[in-house]
Amino acid sequence: MPFDALDTWLTDLERRLDPVAQFEHFLSLELGRAATADEWQRQAILSDVPGGATAMRICRQAGKSCVLATRGVMALERGEVTICLAPAERQTREITRKVATYLRGTTMTVERSTMTEIETNTGGRFIAVPASGATIRGFTADQLLVDECAYLTNDEEVITAVLPMLKDGGQVFYASTPAGKNNFFARLFLDTKPSDALRLLTVRGTQIPRMAAKVERLRTQLSQTKFRQEVECEFIADGQAYFDLSVIEAATSKTEAAIVPKF
Ligand SMILES: Nc1ncnc2c1ncn2[C@@H]1O[C@H](COP(=O)(O)OP(=O)(O)O)[C@@H](O)[C@H]1O
Ligand SMILES: [Mg+2]
């Protein structure tokens, strides 16, 4: 093996042995500069719950899809099949594009690809499926990723349709920013006790130092309710209440307190 090829081979080996280093390499490809994984990203990348799930309840724009795409690439390296559910077609294309970008930072080659599916020379497959109108049948998967889980329509039905396709010992990774209390994702955090089979990670935007400036901007741009949901990751009552809290908030005058009291 010529020395240059050995160097590439060793770098690739190092990244495979250290998935967090590989994740940081992928981020640098995307950002065009070096980046360091947050602690929650490190935990999610290394999370190993065979036959169980890891659920990430994280602030908007914090890097959830980056973590899921990296888990997708890690599975491709093992020659495994990943099904990735996302709310709509657009998100399935976005995450597939991320996986394709990250693949350029590995020694794998793409054998076949579409906007929502990638097959590599390792025999691995990454298949992204929109939950809306999904026809997910006939697959057997080693891993299931669910991006923006709280925003899936028919979440309960779609997820229960896909879970049986998972092989014994396969893992599920749910990622989302909360969107109300009345959905599958919220129930994972509110109704389920963390156990050996379910690992729950919660990170508010205010806990991520690199996002401080963005968080302060959102504090001034978003309504209080939206900020609590999108940045502070709170599960706030939604459809179950007669009026959504954000609707009440939007309809509440900041100046005419005597006419419409501010909640
Ligand atoms: N640890 C990190 N350091 C710096 N930038 C990051 C980090 N993690 C993710 N990013 C960047 O943040 C942006 C949003 O990432 P994305 O995964 O789309 O967020 P989310 O899915 O949580 O909304 C991307 O440009 C990504 O490169
Ligand atoms: Mg995302």
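The values are calculated or read from the model by the stated rules, or taken from the named source; none is laboratory data. Because the structure is a prediction, the values reported are computed rather than measured. Cβ: placed from backbone, ideal geometry, glycine included. Neighbour counts: every protein chain shown.
In a residue-by-residue description of the range 134-144, the property of being within 21 Å of Ser65 (Cβ to Cβ), within 16 Å of ligand 1 (Cβ to nearest atom), crowded, with 18+ Cβ neighbours inside 10 Å and modelled with pLDDT of 95 or more applies to no position. If you scan the range 82-129, which residues turn out to be more than 15 Å from ligand 2 (Cβ to nearest atom) and aliphatic (A, V, I, L, M)? Once the filter is applied, which keeps residues that are more than 15 Å from ligand 2 (Cβ to nearest atom) and aliphatic (A, V, I, L, M), the range 82-129 yields Ile83, Ala100, Leu103, Met108, Val110, Met115, Ile118, Ile127, Val129.
So is Arg97 more than 23 Å from Thr202 (Cα to Cα), within 13 Å of ligand 1 (Cβ to nearest atom) and without any contact (Cβ under 8 Å) to a residue 24 or more places away in the chain or not? Yes. Screening the range 130-238 for helices (runs of 4 or more DSSP H) wholly inside it with 1 or more residues that are within 16 Å of ligand 2 (Cβ to nearest atom) and touching a Gly at 6+ places or on another chain (Cβ under 9 Å) returns the ranges 212-221, 224-230. The residue list Glu80, Glu89 contains one member that is over 12 Å from the mean Cα position of the chain (by Cα), farther than 12 Å from Gln171 by Cβ and of a type in the set (D, E, K, R), which is Glu89. The numbered conditions (1) free of Cβ contacts under 8 Å to residues at least 40 places away in the same chain; (2) within 15 Å of ligand 1 (Cβ to nearest atom); (3) not β-branched (Val, Ile, Thr) are all true for Met56 except (1). Does Glu80 qualify as being farther than 27 Å from Glu230 by Cα and not hydrophobic (A, V, I, L, M, F, W, C)? Yes, satisfied.
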